[in-house]
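J.: Dropping the structure in here first, questions after.
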Amino acid sequence: MSDRGGEITREGERYPPPVHDLEYLGLEPPQSGGAQPIATGVWWLRIPLPMELNHINVWLLEHGDGWTLVDTGMAEEVCREAWIRLEQDALAGRPLRRIFVTHDHPDHMGLAPWLAARHEADVWMSAYAHRSSGEFLDTPKEALAERIRGFLHAHGVDVPAGATLSRGDHREWYGGLPPLAHAPVDGDSIEVGSGTWQVVETGGHCRGHLCLHDAARGLLISGDQVLPTISPNVSVLSSAPDADPLRDFLASLERLRSCDAGTLVLPSHGRPFRGLHRRLADLTSHHREQLDILVSHLTEPKTADELLPVLFRRVPRGFHRLLAIGETVAHLNYLVRQGALTRQADAEGRLRFVAG
């Protein structure tokens, strides 16, 4: 039960995000150890992951006599083995000069310390993401488990006495905290990979999430903010139980509409595609529909846990249940902020929501 967000597939959701016709590149994903050219100076790599979401796309940008790498994979042996093959083949003997981390989830930054040490590369990521991941890694497991237990109790889930909450902690997927060489901010420009990329900070899935946009060539490295077939997890975490990440996510989707409609999206999962504006509309309408469904079902006070069958076809178990609770609370908090719901706490500290 992680406090770090992360992706969750939407197969069990009652109302999956509609997928309109997207135009995928007529390219097969690169094989392990290989690289697929996407544009001049831009290469697509794929790292296997030991989880349900079984891969992450990472991007190589030509950087003088070396490379800038966008994201890394997690600190697992299968990922390290893939990188050893990539160093022999795809990198063509040229070192990584810079590692740009889109956000602080382990599949995106877990191998940053290992790769930085191997290549003497600088690590760039947002200051918030670097600080947040450091605080998470420094939090004792017992303290994290107790915080998650309290969060779950507040939203209607009783964790049996003696049950472990370490599953999903996943700090072993991080190879430690890499030294931060530079903290790019929204609006910065980076000249690399035969283009000029603007840093675009987006929110909701993860605070401090950075995309890279090359407007002249119509390229967007979207991280997890925009994916072609699944909706990124937008969750309230136990570390910030009153946060409103859905508001940030919807605002970020609206902001990305400023990209040209023909932009080629380079996502962290799935295949590169065109159809950005259609995908943004899909994601927005999906969350708006979820909000309407919750309001219509809250004629009587209910906890987030009681609402899981409303939003999910099959109520998730284990780690996915925590993610589902977090995402449900994100929608509930949004509606409370909008004045559509009120929130009530009983004598035991359980929170119930009702249409206001």
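J.: Non-local amide H neighbours of GLY223 (under 5 Å, H modeled in plane, Pro and chain starts lacking H): which ones?
T.: Amide H neighbours of GLY223: SER268.
J.: Normalised by the number of residues in region 23-286, what is the relative contact order in percent for Cα pairs under 8 Å and 6+ residues apart?
T.: On the way: 515 pairs, mean separation 43.8, N = 264.
After rounding, I find 17 percent.
J.: Right, next: What ranking do 253-262, 233-242, 340-349 get when scored by the average of other Cβ atoms within 10 Å per residue, highest first? Could the numbers behind the result be given before it?
T.: Values: 253-262: 14.6, 233-242: 19.8, 340-349: 12.1.
Those peptides, ordered most packed to least, come out 233-242, 253-262, 340-349.
J.: Shifting gears a bit: Short version: ³J(HN,Hα) in whole Hz for each residue of region 117-127, in order, from phi by Karplus 6.51 cos²θ - 1.76 cosθ + 1.60 (θ = phi - 60°), x for Gly and Pro, what are they?
T.: In residue order, the calculated couplings are 5, 5, 10, 6, 9, 7, 9, 10, 7, 5, 4 Hz.
J.: Using 0.36 nm times the number of residues separating ARG313 and THR40, minus their current alpha carbon distance, what extension gain do you get? Please report the intermediate quantities before stating the final value.
T.: Working: separation 273, 0.36 × 273 = 98.28 nm, distance 4.39 nm.
Using 0.36 nm per residue and subtracting the Cα-Cα distance, I get 93.9 nm.
J.: Among 178-188, 327-337, 142-152, how do they line up from the highest to the lowest mean number of other beta-carbon atoms within 10 Å? List each step's numbers first, then the result.
T.: Numbers: 178-188: 15.5, 327-337: 23.1, 142-152: 17.0.
With the highest mean Cβ count within 10 Å placed first, the list reads 327-337, 142-152, 178-188.
J.: Counting only residues 5 or more places away or on other chains, whose amide H sits under 5 Å from the amide H of ILE56 once H atoms are built in the peptide plane?
T.: Sorted by chain and number, the residues that satisfy this are ILE47, LEU49.
J.: Now a separate question. Between ALA261 and VAL159, take the C-beta separation as r, use R0 = 41 Å, and let me know the FRET efficiency to the nearest 0.05. Can you show the working numbers first?
T.: Values: r = 47 Å, r/R0 = 1.14.
Efficiency for this residue pair is about 0.30.
J.: A follow-up question, please. Tell me the angle of helix 276-297 to the major Cα principal axis of the chain, expressed in degrees between 0 and 90 and rounded to the nearest ten.
T.: 10 degrees
J.: Return the long-range amide H neighbours of VAL192 (sequence gap of 5 or more, or a different chain), with a cut-off of under 5 Å between placed amide H atoms.
T.: Counting only residues 5 or more places away or on other chains, the set is TRP197.
FYI, it's all coordinate maths here, none of it is from the lab. All values reported here derive from a predicted model rather than from experimental measurement. Virtual Cβ from ideal backbone geometry, glycine too; neighbours counted across all protein chains shown.
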